[in-house]
1. Hey, what do the phi angles of region B:556-567 turn into as Karplus ³J(HN,Hα) couplings, whole Hz, using 6.51/-1.76/1.60 and θ = phi - 60°, x for Gly and Pro?
2. So what are the ³J(HN,Hα) numbers for region A:420-436, from phi and the Karplus equation (6.51, -1.76, 1.60; θ = phi - 60°), rounded to whole Hz, Gly and Pro as x?
3. Set the Förster distance to 35 Å, then compute FRET efficiency between B:GLU519 and B:ARG228 from the Cβ-Cβ distance, nearest 0.05.
4. Provide an ascending nm list, one decimal, of label-point separations from B:SER569 to the equivalent residue in each further copy; define each label point as 7 Å from Cα along Cα→Cβ.
5. Skipping prolines and chain starts, which residues have an amide H placed within reach, meaning under 5 Å, of the one on A:ASP559, given they are 5 or more residues away or on another chain?
6. Under a plain spin-label model, where a point goes 7 Å from the Cα along Cα-to-Cβ, how far apart in nm are B:ARG412 and A:LEU413?
7. Can you compute the FRET efficiency between A:SER363 and A:ARG272 using 1/(1 + (r/R0)^6), with r the Cβ-Cβ distance and R0 = 45 Å? Round to the nearest 0.05.
8. What is the calculated FRET efficiency for A:GLU436 to A:LYS303, with r their C-beta to C-beta distance and R₀ = 41 Å, to the nearest 0.05?
2 protein chains.
Amino acid sequence: MLRTHTCGELRISDVNKHVVLAGWVQRQRDKGSVLWIDLRDRYGITQLIFDESKTDAALFNAARALGREFVVQVEATVVERLSKNDKMPTGDIELKVTKLTVLNTAKLPPFTIEDETDGGDDLRMKYRYLDLRRNTVREKLQLRHKMAQQTRTYLDAQNFIEVETPVLIKSTPEGARDFVVPSRIHHGEFYALPQSPQTFKQLLMVSGFDRYYQIVKCFRDEDLRADRQPEFTQIDCEMAFITQEDILSTFEGLVRHLFKNVKGIDLPSVPRMNYDEAMKLYGSDKPDTRFAMKFVEITEHTKGKNFPVFESAELVVGICAKGCSEYSRKQIDELTEFVKRPQIGAKGLVYVQYRTDGTIKSSVDKFYSPEDLNVWVEKFNAQPGDLIFLMAGEAYSTRKQLNELRLLLGDRLGLRDKNKFSALWVIDFPLLEWNEETKRYHAMHHPFTSPKREDLHLLDTDPGKVRANAYDMVINGTEVGGGSIRIHDRPTQQLMFTHLGFTEEEAKKQFGFLMEAFEFGAPPHGGIAFGFDRLCSLFGGADSIRDFIAFPKNNAGRDVMIDTPSTISDEQLKELGILVK
Amino acid sequence: MLRTHTCGELRISDVNKHVVLAGWVQRQRDKGSVLWIDLRDRYGITQLIFDESKTDAALFNAARALGREFVVQVEATVVERLSKNDKMPTGDIELKVTKLTVLNTAKLPPFTIEDETDGGDDLRMKYRYLDLRRNTVREKLQLRHKMAQQTRTYLDAQNFIEVETPVLIKSTPEGARDFVVPSRIHHGEFYALPQSPQTFKQLLMVSGFDRYYQIVKCFRDEDLRADRQPEFTQIDCEMAFITQEDILSTFEGLVRHLFKNVKGIDLPSVPRMNYDEAMKLYGSDKPDTRFAMKFVEITEHTKGKNFPVFESAELVVGICAKGCSEYSRKQIDELTEFVKRPQIGAKGLVYVQYRTDGTIKSSVDKFYSPEDLNVWVEKFNAQPGDLIFLMAGEAYSTRKQLNELRLLLGDRLGLRDKNKFSALWVIDFPLLEWNEETKRYHAMHHPFTSPKREDLHLLDTDPGKVRANAYDMVINGTEVGGGSIRIHDRPTQQLMFTHLGFTEEEAKKQFGFLMEAFEFGAPPHGGIAFGFDRLCSLFGGADSIRDFIAFPKNNAGRDVMIDTPSTISDEQLKELGILVK
């Protein structure tokens, strides 16, 4: 070892020890006759002291000549500090250096290696290896490591076997786009990178593996949104001989184990809400339950008063913002503009101010009497000082729009504290989802999700009403995991493919192996997958997943540090039997 | 849960309990009035009994109608067996079934699900999910899981951080072929799948991560040999502020931890041998040290006797096969034919029989006197009953040829017991290797390996003589891991690229980011990677890695179960901006 101790290790009890440390020059303070240097490594910072009057001149000058981020090795004696620093674990001591070796020099970094850096996003991406030196970034990856460790600890103890599934698999036309890999041996043929190990984990259940998990890279060639990555990591799990109840309790156990062992938080048992209720109360299948502000429907109490917007509305629904009755006209206008933005698409916003003096003022005073408004106020269980917002229109889209307003108000009112955690199981999802673009039903989760037996009769008559044995784990309004009880027999699987518009031939070409496997004794099974990057960022109290990935791609799917994707040689293309158009 | 217990769980102490089990029908024994069924799951086998005289007729008939591999759930009472089976953990009890539910039927499997199956390789690959049901195969993957667990336990305790490096990286023209992935967003550009995370782990050292590991998939698009896979798994590690000694002791620690905790074997401390010595004593840089049979060189004792083969030879070298002096002419001829096969390419084989009666007989009696032969026998420290084989010619190739003979004799003499383990560090590898095909030097490990400082002066005059700070872990004649101390400064790295025939521009295009990183304060660092599939197969006492991979590809790189690689749609090709030639 080029050191006897790390930079985070020495304490007052080590005084007088002769030690060797190695690390990076974080900072230099030059007081003329005394020079201090903060030496940094992954474990902490240790202060070096060079006193001109007590130090060999050559050594003193060598120390003074060091630059930021130089890599040095020092031999030194541990001494007690005169002015201690109780903010750092090594703050009681400093090192009187007797020998200094420069292990490597450093050019001036393009941004400061500090918790608060002066580097912009692009620069930090290009020099990601320098950005990773910052404590705040490294700690995020250390958190990730701990999350992975604790995930394995929990699942290992529950008899899960970690199995690696292949990365070079088969392309399927379903869902988001596959990355493909041309085969050099078989020209014109391609592998695909997995969007998830779904079919393989189901085959492992057919094989009797009983409980499988894997922390695994998955790939999706989608147009990237701000916080999506072409490669991402899942905690992927599957169990056999279970009911939905077993999955929910096992993985609620995982999430609570993680909160306990990574964050020291006792998460209460996770409540469940069915999809319909979530949509009705929050306008979202991933409600943020850190705060209430539940939807209240007053459709029936708005009719017959000649207010055309409400009169024609399928649904009139609102939320009550506690203590906001004195919002100014400007504040309310701003919220109205917010919901009218094209991304949200509402026509407008009705408000009812239940003022602190007990009077009620509304934007629809012209149509509704104080008695009418009193009924509304009661329905909302509003108190003096509260402000009610109402929206109206077609039920589904109105709820979606109100959800956006609710989240914005939650932010404004400080109800979405990153250090508070509220988890929820959303269950009983619809099996199918209507797609306006393709004008047909798609699987809401994926084609392997089992329909609820009692809803099967609706498959032909009212497919959108068929519920699935599917569930999502939602924390703080973010879907962190989702799964389902799977189909495990060929006839039902074939029925699903038919309803999803597969021809028999297509189904057989794509998933023939799975349907055949179901004929050789497939056990009842189900599973779940957690988005590991997202889960880590949630635990880290961050909005973006990017900092929780060691070497992320940018929004154009490009790694600007190594400069990829990039061109390959003509020879390589020829070997692969492909041409670039 | 669809069960209260697994099929491996019930004991005599559970008698009279009412239980629910679920699993597969392994076997049925029908004695007319009594029917036994072996119910199997991952955890074991439990015997079910149906006694016609004591069982409801419908239940009895339902049990009789079950087929192999049907998936069933039974409610039953645990009873003591009349004739116990001490070969199985559940052998003291059986289950008196009161309710039988068929969870799924099964077609007759294409091969028997038994430890010794009647299925051929191809059939078992096509129905891999059924092959995985066999205990012997599942146990191999359970061993793999345990290996991964114990690897993490050891490295976590040593302060290593597991970091996931990207899978979509940049293609490099060095070494074996990259798999590439066309970018849909950037037409004409490609990602590549990593052959190893080499540059990323080095960047993590530059970032101050200090100790990194990852159990990670790597990819190599090579022509597949019998036991290679296009995707394979490495235990990939890197450390900063270390010497070679630290790496050797840390990873010797890992291997000994695995032997102790996975196999219960106390592996002795691992001896070290330099490359030159390994070549001289075994003719191989991965000698099988389970047995001695070391090479003995007698060149100087063969000259001047007019035997042309030895007279002209750079090297005359041999091995002594203990107790083989009475080998027949036919046996010796067979060995001679073996070394003369084109794959080995020797010209012939000289033998010296030191017979049990003390006489010496040789195939070169014509040229060498009994006194000459006595000198040889002494050099080999041979005893009566031993048989010496000699080969001669150019030193390097003669050693390689003799190595093959040594391994064959080791097999023949039962000296290569799969349950015996002998580990060795081979160190001081050459930095460069001459390639006859390209007529230039290539990096023996990779271009990031550091040369020994004391040999640097030979780089221009005698490049093949420059030794590297590189090491391999060899167990039972198999290279299971290898690594090196890396270059960590730009000038040396650039020098290496120059010597490897890179133009400055090429080096910059491919590895500019790494060389630039070296300028911002790179610490001394080094690492190692273990072939995880190979390590598992070695621990499992198997020759092939294939059974230690859940879903392997065949020798043509094809997954015959899911049928990939396969064609993709014209639409997909168009999206990707490529054409198939």
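The values are calculated or read from the model by the stated rules, or taken from the named source; none is laboratory data. For clarity, every value in this text was computed on a predicted model and none was experimentally measured. Positions of Cβ are backbone-derived with ideal geometry, glycine not excepted, and every protein chain shown enters the neighbour counts. Quick note on the areas: whole protein, heavy atoms, side chains included, nothing else; ligands and nucleic acids left out. Shrake-Rupley method; radii C 1.70, N 1.55, O 1.52, S 1.80 Å.
1. Rounded to whole hertz, the list is 9, x, 10, 8, 6, 6, 8, 6, 9, x, 8, 6.
2. Couplings: 10, 10, 10, 9, 8, 8, 9, 10, 6, 5, x, 6, 10, 9, 6, 10, 5 Hz.
3. On the way: r = 38 Å, r/R0 = 1.07.
The value I calculate is 0.40.
4. 3.6
5. The list, which skips near neighbours in sequence, is A:ASN554, A:THR564.
6. My value for the distance between the label points is 8.8 nm.
7. Details: r = 37 Å, r/R0 = 0.83.
Efficiency computed from Cβ-Cβ geometry: 0.75.
8. Numbers: r = 30 Å, r/R0 = 0.72.
Efficiency, rounded to the nearest 0.05: 0.90.
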